[in-house]
1. Towards the positive end of the charge dipole of the range 68-196, with charges on Cβ (+1 Lys, Arg; -1 Asp, Glu), say which of ASN169, GLY99, GLY157 has the farthest Cα.
2. Ranking THR102, THR179 by Cβ neighbours within 10 Å, fewest first, what do you get?
3. Suppose every Lys and Arg Cβ carries +1 and every Asp and Glu Cβ carries -1, with no other charges. What dipole size does the range 68-196 come out with about its Cα centre, to the nearest 20 debye?
4. Arrange the following residues from fewest to most other Cβ atoms within 10 Å of their Cβ: LEU103, LEU115.
5. Ranked by Cβ crowding within 10 angstrom, fewest neighbours first, how are PHE148, PHE98 ordered?
6. What are the extents of the Cα atoms of the range 65-213 along their three principal axes, in Å, largest first?
7. Can you tell me the convex hull volume per residue for the range 143-204, based on C-alpha atoms, in Å³ to the nearest whole number?
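Values quoted throughout were computed directly from the atomic coordinates according to the rules given, and no laboratory measurement underlies them. In this text, all values refer to a predicted model and were calculated from it rather than measured experimentally. Don't worry about glycine lacking a Cβ; one is built from the backbone with ideal geometry, like all the others, and counts go over all protein chains shown.
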Amino acid sequence: MKKQVLKFNVLVAVLILVLGIGLGFTSVIKAHKNVHYINRVSAPMAYSVSMEEDASDVAQPPFLGKSFNGFKEALAFKESRGDYFTINSLGYMGKYQFGASTLKTIGIHSKTDFLNNPELQERAFIANLERNKWVLRKDIEWYVGEIFNGVKVTESGILAAAHLAGPGNVKRYLRTHGTSGFEDANGASIRYYMRKFAKYDVSHVKADKAAKI
C-alpha cells in the first residue's frame, strides 16, 4: 500500500513538473513573439542626421587619428559628409567635392562616371593630391614650421588648403606670409583649412607633376 502511494506521489510530481515546464516554455515563446511584434519594422526606417556644423570643428574619424586615412576622411567629412554621390549648389561633385576643370586636369572627362564610381573618386583624390604636392613642393620646403595669421604651417595643412583653393592660391598665401587670402562660396578660408587639417601624416604622398587617372 505504501509503495502504491509513493508511486502515485512520484507520478503526480512528474506531471506537475512537465506541465510547469511546458507552460513556462509556452510563456517564453509568447513573450518572444510579443517582443518581435513590438520591434518589427514594417517600412524602411528614416534616420535624421543634423547637418549643422560648428565652424570651429571638424569631425575626427574614430581610430584613424592623424594617419593618412584620418586626413582623407576628415577632409571628406568637411567637404561632403563623406557622401560619394552628392553634388553641391555650385556643381562640385562627390565625396571630395571636385570641380569639372580639376577632373579634366587629372584625366577624368565624364561627370557621370566619376559621380557613380567611388573607387574612381578615391583615385582622383590621390592623383590631385600628388599633383598639388608637386606644384607646392618648394613652398612645403620653405614654409612648414612658419606661423602665419596665428596658424602654424604644416604639410597636411598646405595640401588640404590646396584641395580647397587650388595650389596657386595657396602658393600666394604662403609667399605673402598670409596677407593674400582666399575664401570659397561658403566662407571657408586657406587659414581655416591650414588650422583644421594640420599635423596629419601625408609624408608618403609623392609629388608628381603628371599625376593622372
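1. Value computed over the given set: ASN169.
2. Ranked by crowding around the Cβ, least crowded first: THR179, THR102.
3. Numbers: 18 positive and 13 negative charges, 59 e Å.
Charge dipole of the range 68-196: 280 debye, to the nearest 20.
4. Fewest to most other Cβ atoms nearby, the residues stand as LEU115, LEU103.
5. Lowest to highest Cβ neighbour count: PHE148, PHE98.
6. Principal extents (largest minus smallest coordinate, Cα): 41, 30, 29 Å.
7. Working: hull volume 4.7 nm³, N = 62.
That works out to 76 Å³ per residue.
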